[in-house]
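This report concerns only the one structure given below.
The numbers here are math on the coordinates, done by the rules we state, and not lab data. Here the structure is a predicted model, which is why all the values come from computation and not from measurement. Note: ideal-geometry Cβ built from the backbone for every residue, glycine included; neighbour counts use all protein chains shown.
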Amino acid sequence: MTRHDPGPGAGPAPLNEFCWMDLKTHDPSGTAAFFSSVLGWDFAVDEEDWRKAVMISAGHHRIGGVSDLAQPVYPPGTPAHIACYLAVDDVDARTAVAAENGAQIVVPPFDAGDQGRIATLIDPVGAAFSLWRPQGFPGWPVPSPYEAGALPHHAVLACEDPERAEHFYALTVGAPLARAAFRKASIATPPRWEPVVAVADPEGVAARACAHGGEFIPDAEGPARLRSPEGLTFRVQAAHGAEAAEAAQAVEAAQAAQGARSARSAQSDQATGAARGTQAAPATRTASAARTSPVFLETDRLRLRPFTAADAPHLLALDNDPEVMRYINGGRPVSGEEIRERTLPRLLHDHPCTGTRGFWAAEEKATGTFLGWFELRPPADHDPAVVELGYRLNRASWGRGYATEGARALIRKGFTDLGAERVTANTMAVNAASRRVMEKAGLTFLRAYTDEWPDAIEGSEHGEVEYVLTREEWGDCPA
């Protein structure tokens, strides 16, 4: 591991998440040239370090270092890789627990001067990792999901047995890992922890990687996977800061077109139980988003894709139809600021534990018409076992079976690909149409309950209902 300065705003590294990386390479200069060209990282010698270690910075943030595998400390034949460091409270205790649960100790715990205490291990599925109790070091910054800058956002481990791996790390650190994802390997590659870097243009990054001798590795889902010429693998995902700026412009344009309607006061979107209503708005053709966004899921008539900033006008229209919002906020208007500051960030959020977003724009496959959205996301970001189903479609879509068709497809996706064990959905007790969709999708009534909302709306006095479907129930009778 290489020495580093805490940098501005230093504080303790968050525990139970990865906080640093080291590029272990046989070709330090070639590796620096590749990542500098592809991701824009800066590589510079730390003049304050007696070893003159090479540090990596993204913007003003130090995020890692470079280690030369030719040094005698590394065993001959050690392959090039990116070493990821996991912040823990007690390296010795956590190393012992890891060993008890099947890990191989490569480097026993040792003091690394003012950097803290470190140990290196190989987990039961074969992936190397390091435990680190940092001393006076905050680790790499935790970026907002909307921040670009080629900053590490989280880490992914793709392996043959992701459930075993996830259980091992939870036992080792005493809690589920934060900002980490465990996924079934879709192709035969050695299991490795791979940092996920937030960038403004993933497609451009992939193109630059290939142009500089790297390789794009096809993967079924999740952030795009790339490999350097020497074999260092990493992933890139879209940072949403640029999308947020574009969304602001799109919302402003939509507001200008709508005139006084868009100037109404904002109301809170209480759609945490998103299945409360299906939204209505005039059906609109989706612009470039459908052509540039990867498809998450298709049915006979629907296409579900990630949201982009170009969808802001659709959302503004959708959330300002009183009938659509009847069981969400009583039909009160939603402002462009609400769409820009609250709705879009929620719809653009990635969930590392599933390797996907939680909301998808719904289009009519035959025409590309924007219909609304579907939701399938874990209420707790670290646990994909329980996911919440939701939907909000425009009035032009009502009565055509789209909500049931999309819900069934998402349920299948959750149980077969995303590791879900239980799907839940919630709505107001008086929302008979939404309850029928849940039942047609295979969910059954679980309970009635009351919830506190800032503003009462018509029918809220009758409370809420929750429906549920387990993997076992679905397997016995697939919807």
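Summary of computed values
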read-out	value
Reachable lysines from residue 184, criterion Cα separation under 20 angstrom, eight or more residues apart if same chain	413
Within segment 83-189, chymotrypsin sites (Phe, Trp or Tyr not before Pro) in DSSP loop having at most 12 other beta-carbon neighbours inside 10 Å	none
Under 22 Å from the Cα of residue 52 - lysines, other chains or at least 8 residues apart	24
Projected-area mean, segment 18-238, by convex hull of Cα positions, square nanometres	11.5
